[in-house]
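Beneath this line is the structure, given in structure tokens, with notes to follow.
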Amino acid sequence: MASDPPYLDTYKTLFQGNTPGGSKAAKAKDNKLFMVEECDLPLIDLSRLNLDRAERDKCKRKITDASSNWGFFQVINHGVPRQLLKSMQYEQMKVFHQPFYKKSEENFLNLPANSYRWGNPAATCLRQFSWSEAFHIPLTDISRMDESTIEVFATTVSVLAQSLAEILAQNLGEVDAGFFQENCSPSTSYLRMNRYPPCPISSEVFGMMPHTDSDFLTILYQDQVGGLQLVKDDRWFSVKPNPDALIINIGDLFQAWSNGVYKSVEHQVVASEEGERFSVAYFYCPSYNTVIQSYSKPAVYRTFSFKEYRQQVKTDVGSTGYKVGLPRKTNIIRKIQLAQRKGQLIYPLKTAQPPQTKQNSTNNPTPN
Ligand SMILES: O=C(O)CCC(=O)C(=O)O
């Protein structure tokens with residue numbers, strides 16, 4: 001059966017025995033293992049930041065509490081007009097609905113090579129595969145696209161990202177108020193437009209594999225289809241879409257910087273047989289040379305530069321198939337390598353149990 005992008009044809013070996021109607025897929029269809037509970041993600045009304053001091057402080061407290069307890073929250077009255085969100089989705093559909101040969105052409109929308117990504121050429125098993133396609137765009141390149149909606153969206157959410165980051169930093173007593181302005185200019189961040197095409201073997205693969213984000217924080221807008229799941233108290237929960245809300249999640253850099261006060265939690269997207277899904281993520285990142293240093297002592301994580309971190313993620317994914325991320329204990333890495341040599345799959349991150357939806361998942365090859 002043809003799919004667009006051509007996952008089944010291109011990754012034939014990977015999908016052998018798992019093709020639509022194949023025994024495994026049929027069996028998995030019968031069980032309801034992939035149904036997980038919905039969570040009540042904290043919902044924060046940012047318009048309260050414009051009220052008196054007491055209200056403002058209450059709102060900030062909700063943001064910092066959610067970042068510590070969940071690592072994830074939703075915001076409404078966030079300053080990104082509804083119409084802009086709608087136009088963004090429309091633009092995204094227009095881009096993704098171009099034929100595959102066009103999207104994979106060099107220079108498509110004037111974007112640099114490697115902006116368009118789909119599947120995972122390094123995958124050695126289905127659990128390392130993401131049934132999705134994406135445009136991963138450095139903000140420096142966004143103006144080349146000649147798509148004003150996408151550019152306006154990126155500029156608008158970058159303002160929101162900076163103010164949330166400043167609230168989170170202030171709460172830690174961070175005195176260098178100019179840190180984010182200095183190190184995270186809009187041009188150091190990334191926009192990632194995602195499409196999750198209908199997947200005929202949805203019980204066998206992820207839409208996007210479990211991962212944490214390698215940034216300070218991420219702002220996500222998802223359509224109404226659903227499929228995003230996150231880890232809370234060692235269990236997976238799904239997030240109910242809210243058309244008015246943006247989803248905010250803490251990334252690895254804030255976890256390290258805050259010495260573990262704010263949590264960068266794993267999330268994934270389940271694949272679906274019915275219909276396509278769209279989302280857009282803004283990754284708030286610093287410049288490569290920015291040094292990430294824990295604000296308090298003793299530090300759980302050693303000081304590192306963003307460049308070093310990105311390179312380490314790349315090296316880990318290349319050598320183990322996993323993004324090891326922050327918990328860099330040698331025994332974790334050895335365990336992964338050993339399991340790999342034995343052809344086993346293990347779930348490497350420190351807090352999470354294997355997702356209930358898919359057993360023994362793997363980590364994320366995406367670069368975020
Ligand atoms: O599509 C989603 O809901 C999540 C996307 C995501 O996690 C990512 O782009 O890193």
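The values are calculated or read from the model by the stated rules, or taken from the named source; none is laboratory data. Keep in mind that what you see is a predicted model, and the values were worked out from it rather than measured. For neighbour counting, all protein chains shown are included, and Cβ atoms are generated from backbone atoms with ideal geometry for every residue, glycine included.
Within 16 Å of the ligand (Cβ to nearest atom) and surrounded by fewer than 18 Cβ atoms within 10 Å (Cβ to Cβ): does that describe Gly251? So Gly251 fails the test.
For (1) under 20 Å from the mean Cα position of the chain (by Cα); (2) buried (at least 18 other Cβ atoms within 10 Å of the Cβ), each residue gets a yes or a no:
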{"residue": "Leu172", "(1), (2)": "no, no"}
{"residue": "Asp176", "(1), (2)": "no, no"}
{"residue": "Phe179", "(1), (2)": "no, no"}
{"residue": "Ser187", "(1), (2)": "yes, no"}
{"residue": "Pro197", "(1), (2)": "yes, yes"}
{"residue": "Ser202", "(1), (2)": "yes, yes"}
{"residue": "Pro210", "(1), (2)": "yes, yes"}
{"residue": "Asp215", "(1), (2)": "yes, yes"}
{"residue": "Thr218", "(1), (2)": "yes, yes"}
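Among the residues of segment 236-258, those identified as closer than 27 Å to Phe306 by Cα and either of a type outside the set (S, T, N, Q) or not in a strand (DSSP E or B) (or both) are Leu246, Ile247, Ile248, Ile250, Gly251, Asp252, Leu253, Phe254, Gln255, Ala256, Trp257, Ser258. One residue alone among Tyr282, Tyr301 is of a type in the set (Ser, Thr, Tyr) and closer than 22 Å to Leu191 by Cα, and that residue is Tyr282.
Pairs meeting the criteria (first residue in segment 236-247 and touching a residue at least 40 places away in the same chain (Cβ under 8 Å), second residue in a strand (DSSP E or B) and away from the ligand (no atom under 13 Å from the Cβ), beta carbons under 6 Å, at least 6 apart or on different chains) are Phe237/Cys39; Ser238/Glu38; Lys240/Glu38; Asp244/Ile76; Ala245/Ile76; Leu246/Val75. Taken over segment 111-123, residues that are out of contact with any Ser or Thr (no Cβ under 9 Å at 6 or more places or on another chain) and either touching a residue at least 60 places away in the same chain (Cβ under 8 Å) or closer than 22 Å to Thr155 by Cα (or both) amount to 4. If the condition is being farther than 17 Å from Phe206 by Cα, in contact with an Asp or Glu (Cβ under 8 Å, 6 or more places away or on another chain), aromatic (Phe, Trp, Tyr) and within 13 Å of the ligand (Cβ to nearest atom), then segment 260-299 contributes Phe283, Tyr284.
Given the structure, is Gln92 buried (at least 20 other Cβ atoms within 10 Å of the Cβ), within 16 Å of the ligand (Cβ to nearest atom) and over 25 Å from Phe73 (Cβ atoms)? So Gln92 fails the test. Filtering Ser132, Ser163, Ser158 for residues that are small (Gly, Ala, Ser) and within 16 Å of the ligand (Cβ to nearest atom) leaves a single hit, Ser132.
Scan segment 126-142 residue by residue and report those that are within 18 Å of Pro200 (Cβ to Cβ) and at pLDDT below 90. Once the filter is applied, which keeps residues that are within 18 Å of Pro200 (Cβ to Cβ) and at pLDDT below 90, segment 126-142 yields Leu126, Arg127, Phe129.
Selection of segment 269-291 for residues being under 30 Å from Gly178 (Cβ atoms) and either over 18 Å from the mean Cα position of the chain (by Cα) or without any contact (Cβ under 8 Å) to a residue 12 or more places away in the chain (or both) yields Ser287, Tyr288, Asn289, Thr290, Val291. Evaluate segment 198-215: report whether one residue or more is at pLDDT 95 or above and closer than 22 Å to Pro81 by Cβ. For segment 198-215, residues at pLDDT 95 or above and closer than 22 Å to Pro81 by Cβ: absent. In this structure, does Leu230 turn out to be at pLDDT 95 or above, within 11 Å of the ligand (Cβ to nearest atom) and under 24 Å from Asp45 (Cα atoms)? Taking the combined requirement at face value, the residue satisfies it.
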